[in-house]
1. Quick check on segment 172-193. Is at least one of its residues without any contact (Cβ under 8 Å) to a residue 40 or more places away in the chain, acidic (Asp, Glu) and within 26 Å of Cys105 (Cα to Cα)?
2. Considering only segment 109-138, state which residues are over 19 Å from Val200 (Cβ atoms) and not hydroxyl-bearing (Ser, Thr, Tyr).
3. Does any residue of segment 176-190 turn out to be out of contact with any Leu (no Cβ under 9 Å at 6 or more places or on another chain) and not in a helix (DSSP H, G or I)?
4. State all residues of segment 235-252 that are crowded, with 16+ Cβ neighbours inside 10 Å and under 19 Å from Cys281 (Cα atoms); if no residue qualifies, say none.
5. Can you confirm whether segment 79-88 contains a residue that is touching a residue at least 40 places away in the same chain (Cβ under 8 Å), part of a loop (DSSP other than H, G, I, E, B), within 21 Å of Ile9 (Cβ to Cβ) and under 20 Å from the mean Cα position of the chain (by Cα)?
6. What residue, of Leu65, Leu122, Leu111, Leu90, is surrounded by 17 or more Cβ atoms within 10 Å (Cβ to Cβ) and at pLDDT below 90?
7. Which one is surrounded by the fewest Cβ atoms within 10 Å (Cβ to Cβ), of the residues in segment 4-23 that are among the basic types (Lys, Arg) and under 20 Å from the mean Cα position of the chain (by Cα)?
8. Could you tell me whether Ser166 is in contact with a Leu (Cβ under 7 Å, 6 or more places away or on another chain), free of Cβ contacts under 8 Å to residues at least 60 places away in the same chain and assigned to a helix (DSSP H, G or I)?
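The values are calculated or read from the model by the stated rules, or taken from the named source; none is laboratory data. Keep in mind the model is a prediction, meaning the values are calculated, not measured. All Cβ positions, even for glycine, are placed from backbone atoms using ideal geometry, and neighbour counts span all protein chains on display.
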Amino acid sequence: MSKSERELIVELEAVLIGRRYSPVVIRNYCSYAREFLDYLIQRGVPVGDVAETEVAEYLCHAAGLFRKRRGRRPGKRWREVPQSGIHAMLRLAQDQWPPASKVTCAADALLFGICNEYETWLREERGLAQASTDAFLWEARYFLAWQFDRSGVEGLNGITVGDIDSYMDLRGSKLTRSSLKSTAERLRSLLRYLHRTARVAADLSPHIISPRLYAYEGVPSILERDQITAVLASTSMDMTAAGLRDHAILQLLATYGLRAGEVRNMRIEDIDWRTEVVRVCHSKTQAYTLFP
């Protein structure tokens, strides 16, 4: 690894420390970024020329190494950690990541132009945080690309309520009610902006109906201490194999605050009976922690 590449890792570490990432996350992000740079050197690809295809190819390569080293496939969400670390490093190396898409047709030019102006409006006029701005922009790009694919650039001004219904049906087939409500809010914002900038003749935002969410309609996110005690007491009475298993799972969740995936991935070899220690592999960072 050359001096400039080592300096890039040092800069990445400094940025993550400045943003108060945990030491475990910083170590994992920098480790994967370093391995990705080594991968690029082997293939003669300058970090400044990296595109999304190189990142995707590396993640497949890293998944293969994971299987070879550990004898099993990585979990479904394993790639989130290396991908996040690599993306953070590439934002430092290239100033912008993902790289800006290239204009290939009139629809692309119009889509990029609208989204660039919309981003400025969201940030400066509405004062949204970056995470919210990113979510609103994603919905805008997805909707505009969908509309242009159906009717071309000339169809933007003629958007109808029927078009909106078709789009919401498409999005709603894969979303929970809560996510669908957020989608509706983001689409209303875009349609108001398009009408405000005279790109759409009528303001269609009032025609978007989102599901009503009620307080306490779902499973509560937390249990009170006395409720946890009652649940554990109830499950401790079931002496069947399934009952003992369920009680052990609930004890792990209640005592250590583990995630469901961390409990699901535990193996018998993670328990050291002699020293009375439990080893837990954290699903987000893939790091290990020992608990008494």
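1. Within segment 172-193, not a single residue is without any contact (Cβ under 8 Å) to a residue 40 or more places away in the chain, acidic (Asp, Glu) and within 26 Å of Cys105 (Cα to Cα).
2. Arg123, Glu124, Gly127, Leu128, Ala129, Gln130, Ala131, Asp134, Ala135, Trp138 - these are the residues of segment 109-138 that are over 19 Å from Val200 (Cβ atoms) and not hydroxyl-bearing (Ser, Thr, Tyr).
3. The answer is yes; a qualifying residue exists.
4. Ile249, Leu250, Leu252
5. no
6. Sole residue among the options that is surrounded by 17 or more Cβ atoms within 10 Å (Cβ to Cβ) and at pLDDT below 90: Leu111.
7. For segment 4-23, the residue satisfying everything is Arg20.
8. Here the answer is no, as Ser166 does not meet what is asked.
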